[in-house]
1. Once both axes come from the Cα atoms, what is the angle between helix 332-358 and the longest principal axis of the chain, in degrees from 0 to 90, rounded to 10?
2. Just to confirm the number: angle between the C-alpha axis of helix 125-135 and the first principal axis of the chain, 0 to 90 degrees, nearest 10?
3. Can you tell me, using C-alpha contacts under 8 Å and at least 6 residues apart, the relative contact order of the range 280-374 as a whole percent?
4. Can you give the helix-only mean residue ellipticity at 222 nm for the chain, where every DSSP H stretch with n ≥ 4 adds -39500 (n - 2.57) and the sum goes over all residues, rounded to the nearest 500 deg cm²/dmol?
5. Using the Kirkwood radius over Cα pairs, work out the Stokes-Einstein diffusion coefficient for the range 173-213 at 37 °C and 0.692 mPa s, in µm²/s as a whole number.
6. Would you mind computing, in nm to one decimal, how far apart the modelled labels at Arg162 and Thr111 are, each placed 7 Å from Cα along Cα→Cβ?
7. Tell me, what is the FRET efficiency for His325 and Ala238 to the nearest 0.05, using R0 = 35 angstrom and their Cβ-Cβ distance as r?
8. Report, to the nearest 10°, how far helix 153-179 tilts away from the longest principal axis of the Cα atoms in the chain, using its own Cα long axis and a range of 0 to 90°.
Amino acid sequence: MFKVIKYEGKARRGKFKCAHGGEVQTPVFMNVGTQAAIKGGVSALDLKDLGCQIELSNTYHLHLRPGDDVVRQMGGLHKFMHWDGPILTDSGGFQVFSLAGLRKIKEEGVTFASHLDGRRIFMGPEESMRIQSNLGSDIAMAFDECVENPARYEYAKASCERTLRWLERCKIEHDKLNTLSNTVNPQQMLFGINQGATFEDLRIWHMKEIAKLDCDGYAIGGLAVGEPTQTMYDIIDAVEPYMPQDKPRYLMGVGTPSNIIEGVARGVDFFDCVMPARNARHGKLFTWSGSINLKNEKYKLDERPIDEQCDCPTCRNFSRAYLRHLFKAEEILALRLAVMHNLYFYNKLTQRIRDALDAGEFAAFRAEYSTKLSERV
């Protein structure tokens with residue numbers, strides 16, 4: 001399923017295989033298609049051209065609309081959105097976290113109000129596993145509680161203890177669902193999620209405990225939710241020694257290009273973030289010299305592509321001046337072309353990281369780009 005083929009320090013070059021698609025090369029950035037679509041008018045067919053290896057969709061949103069039962073009847077998420085590569089579905093835990101004022105957490109699970117119509121919904125470990133089984137994703141994420149930072153130690157401790165018990169329940173239900181004759185994807189994998197807020201002792205204890213459950217992979221969750229960037233790096237450094245060496249490691253919801261480079265340097269294999277698509281929809285684009293705001297006046301007559309080093313479909317065909325015009329005219333095409341560029345950039349970034357690891361030159365790549373890509377041009 002997963003094999004590390006090379007190390008440079010803690011950075012890992014690997015290969016990953018699941019039920020759909022070919023061999024995934026890691027480190028990898030997963031493109032976020034929350035509701036089975038990339039926001040900005042980008043389809044699954046476009047993802048192929050943009051170098052996407054894994055698509056990520058959202059359990060909570062698809063459960064509400066169109067309904068996971070509908071997706072199941074349509075043959076699962078792969079057929080529904082016409083994507084034949086790997087799909088990861090998150091568990092819904094983070095979305096429940098974001099509904100803090102509308103939720104009630106108990107040992108059984110969480111009762112919350114739908115953001116669409118206010119109706120009361122219950123979701124626990126078993127429900128999350130059933131929804132993700134109906135979606136037929138290749139990787140299902142365990143149901144967890146994401147605690148806001150900063151958190152009280154006592155609450156964070158009780159929360160990650162409960163998340164451990166929820167993972168045990170997830171695993172039992174997931175194993176059962178995979179044995180059913182009518183399961184959409186009986187080869188679906190389950191990743192456990194490490195929690196513990198910003199307390200290193202809780203993080204380490206929780207990682208040791210969930211590692212005993214022998215999941216198919218492990219994620220670090222509950223970061224990039226308000227804590228300082230260095231604190232996030234410190235937590236990764238603390239947890240990494242206790243993460244199984246032979247399982248993929250996923251840093252959830254992270255992040256900037258610099259975050260990804262620094263995450264790889266600390267031993268992470270999988271990343272996802274809404275940032276490239278979200279920023280693109282506001283005219284904020286990534287280049288190999290740093291980020292730019294395409295809405296600025298100085299690009300009004302700029303004939304250059306977004307990035308002269310980029311060969312994405314947008315940069316091959318359109319100028320900064322034209323894209324700026326589309327944004328100012330509020331044309332939908334502006335969103336599509338900008339999102340395509342940023343996603344291509346992120347996928348190219350992880351490709352260049354892999355190439356650097358293959359050549360034994362990741363340290364030099366990190367030294368050149370980690371700071372540069374966090375700056376604005």
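1. Once rounded, one gets 80 degrees.
2. 50
3. Working: 111 pairs, mean separation 30.4, N = 95.
In percent, rounded to a whole number, it is 32.
4. Working: 15 runs with 154 residues, N = 377.
After summing the helix terms and dividing by the residues of the chain, the value is -12000 deg cm²/dmol.
5. Values: Rh = 12.2 Å.
Diffusion coefficient, whole number: 270 µm²/s.
6. 1.4
7. Working: r = 49 Å, r/R0 = 1.39.
The computed FRET efficiency comes out at 0.10.
8. Compared with the principal axis, the helix lies near 80 degrees.
All of the numbers you see were taken from the coordinates with simple rules; none came from a lab. From a predicted model like this one, the values you see are computed outputs, not experimental measurements. Here the Cβ is made from the backbone with ideal geometry for all residues, glycine too, and neighbour counts use every protein chain on show.
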